[in-house]
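K.L.:
What follows is a structure written as structure tokens; I'll ask about it next.
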Amino acid sequence: MIKITKHEYKKFIALIFDEIGISFSENKESLLESRFYTRILHYNFHSFLEYYNLCLEDYSERVEMLNLITTNETYFFREFEHFEFLKEFLLSYSSPKKLKIWSAAASVGAEAYSVAMLCDSILPTNRWEIFGSDINSHVIKKARMRLYPLRWVDKIPSGLRQKYCLKGKGRYEGMFLINRELAKNVKFQTNNLLEANSDVGVFDIVFLRNVLIYFNNTIREQVIENILKNMRVGSLLIISQTENLNGINIKSLEQVHGSVFKVVA
């Protein structure tokens, strides 16, 4: 098996940081080797430097490389306390405006569809919409397909499971499909949180969970500042319960509940 050298590793982690702001420590060579090895074999390269040079020259391969790096674990109703909080918010929502929610690191869509199930079970269909985004184009394609392993369904509350999930048959045995009607209010798009996203709209709630842990404080602050451009005073930002905003200078956010913050200025 071809091994990545220290020199090659440093080149890759610098490129990944420049492109998407993710930092790697000095001892993650085996991670990059395992993620990139299929591409090494695909091109019959004899070194990781050859693959690095291809990523520099070929934009589509650079996207493929970043897709391999940004594949993360996800499941439905992850960190259930956030959905309890959201449920209480929805039950008290009285604004005549359509509620707009952004799943800002949507992965394969489990978070976005979890939020959609809760919204649809409480609000009329024309009163809410979900936007899901991720830098990884592969997971966005999967999110649009709405098809998931059947073992994931166990995390979904039984009432919502019965209403919004269809068990697969035949070639889809062992899978389940999210209800098409529910999905009409859920849109997905690739985007980069290191960039301003003026075209995606303004949101009442933004889920930014299990993302900040991959960035240093400077990049974390940049990501939050970019997202705040898509929020108004009173909007809510929800981060993971394993994350915090320590070490970054964001004065316009006020903690209101655990890992939930409100835009105050």
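The values are calculated or read from the model by the stated rules, or taken from the named source; none is laboratory data. Here the structure is a predicted model, which is why all the values come from computation and not from measurement. All Cβ positions, glycine included, derive from the backbone under ideal geometry; neighbour counts span all protein chains shown.
K.L.:
Of everything in segment 212-265 that's among the aromatic types (Phe, Trp, Tyr) and either more than 23 Å from residue 100 (Cα to Cα) or touching a residue at least 60 places away in the same chain (Cβ under 8 Å) (or both), which residue is surrounded by the fewest Cβ atoms within 10 Å (Cβ to Cβ)?
P.N.:
Among those that are among the aromatic types (Phe, Trp, Tyr) and either more than 23 Å from residue 100 (Cα to Cα) or touching a residue at least 60 places away in the same chain (Cβ under 8 Å) (or both), it is 214.
K.L.:
For segment 238-250, indicate whether the set of residues that are modelled with pLDDT of 95 or more, farther than 30 Å from residue 92 by Cβ and hydrophobic (A, V, I, L, M, F, W, C) is non-empty.
P.N.:
For segment 238-250, residues modelled with pLDDT of 95 or more, farther than 30 Å from residue 92 by Cβ and hydrophobic (A, V, I, L, M, F, W, C): absent.
K.L.:
Got at least one residue in segment 163-183 being closer than 23 Å to residue 211 by Cβ and modelled with pLDDT under 95?
P.N.:
Checked against the condition, which is being closer than 23 Å to residue 211 by Cβ and modelled with pLDDT under 95, segment 163-183 yields no hits at all.
K.L.:
Return yes or no: is residue 108 part of a helix (DSSP H, G or I), β-branched (Val, Ile, Thr) and closer than 24 Å to residue 189 by Cα?
P.N.:
no
K.L.:
Provide a single number: the residues in segment 63-100 that are touching a Phe, Trp or Tyr at 6+ places or on another chain (Cβ under 6 Å), hydrophobic (A, V, I, L, M, F, W, C) and farther than 19 Å from residue 158 by Cβ.
P.N.:
So the answer is 1.
K.L.:
Another one. Across segment 31-52, which residue is surrounded by the fewest Cβ atoms within 10 Å (Cβ to Cβ) among those that are touching a Lys or Arg at 6+ places or on another chain (Cβ under 9 Å) and in a helix (DSSP H, G or I)?
P.N.:
The extreme case among them is 49.
K.L.:
Now a separate question. So, in segment 130-160, of the ones that are in a loop (DSSP other than H, G, I, E, B) and modelled with pLDDT of 95 or more, which residue ends up surrounded by the most Cβ atoms within 10 Å (Cβ to Cβ)?
P.N.:
Result: 156.
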